[in-house]
1. Give the number of residues within segment 53-64 that are more than 11 Å from the chain's Cα centre (by Cα) and in contact (Cβ under 8 Å) with a residue 24 or more places away in the chain.
2. Considering only residues that are among the small types (Gly, Ala, Ser) and within 22 Å of Leu93 (Cβ to Cβ), which ones fall in segment 47-66?
3. So the check is Cβ under 6 Å with 6+ separation or different chains; which pairs have a first residue in segment 78-94 that's within 15 Å of Leu45 (Cβ to Cβ) and a second one that's open to solvent by 40 Å² or more (accessible area, probe 1.4 Å) and of a type outside the set (S, T, N, Q)?
4. Looking at segment 30-46 only, could you name the residues that are over 13 Å from the mean Cα position of the chain (by Cα) and either under 16 Å from Phe88 (Cβ atoms) or free of Cβ contacts under 8 Å to residues at least 12 places away in the same chain (or both)?
5. Output the helices (runs of 4 or more DSSP H) that fall wholly within segment 2-99 and possess 1 or more residues being of a type in the set (A, V, I, L, M, F, W, C), open to solvent by less than 30 Å² (accessible area, probe 1.4 Å) and modelled with pLDDT of 95 or more, or say none.
Amino acid sequence: MPKLSFHRQPITLDESVMFGYLVHKYAEAAKAQKLKTDGSFYLSLAERFHHAPLDLDLQDLAIEGLQKRGYIKIKHKKSSRKRYYQLFVDKLLRDVNFQ
């Protein structure tokens, strides 16, 4: 079985779980043709609260860590108060070595 090593500090288990959840939501948005032109997708706080596999406070910490590493970007639309998530899977994969 291959080992994973990171060029940077490894992501935490909570961050990896949250990233996986966001990738799943991206795939759902893509299938429903609800992606914006930049590849971002809307995800409500209520949906995160009820369906994500982590408590809301752990989700927030994981999202903060993923943002600091540049793996996700969140755009806040002030007029509608919606949050759009943009994922950078290629950046995550560049930081991971499969050995």
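The values are calculated or read from the model by the stated rules, or taken from the named source; none is laboratory data. Treat the numbers as computed from the prediction; the structure is a model and nothing was measured. Note that each Cβ is placed from the backbone with ideal geometry, even for glycine, and that neighbours are counted across all protein chains shown. Surface accessibility is based on the protein's heavy atoms, side chains included, excluding ligands, DNA and RNA. Shrake-Rupley method; radii C 1.70, N 1.55, O 1.52, S 1.80 Å.
1. Looking only at that region, the number is 4.
2. Kept after step one, since they are among the small types (Gly, Ala, Ser), are these residues of segment 47-66: 52, 62, 65.
Within segment 47-66, Ala62, Gly65 meet the criteria.
3. Filtered contacts from segment 78-94: Lys82/Tyr42; Arg83/His76; Tyr84/Tyr42; Tyr84/Lys75.
4. Ala30, Lys31, Ala32, Gln33, Lys34, Leu35, Lys36, Thr37, Asp38, Ala46, listed by residue number.
5. Working: elements: 13-31, 45-51, 56-69, 89-95.
Because the criterion is at least 1 residues that are of a type in the set (A, V, I, L, M, F, W, C), open to solvent by less than 30 Å² (accessible area, probe 1.4 Å) and modelled with pLDDT of 95 or more, the helices (runs of 4 or more DSSP H) in segment 2-99 that meet it are 13-31, 56-69.
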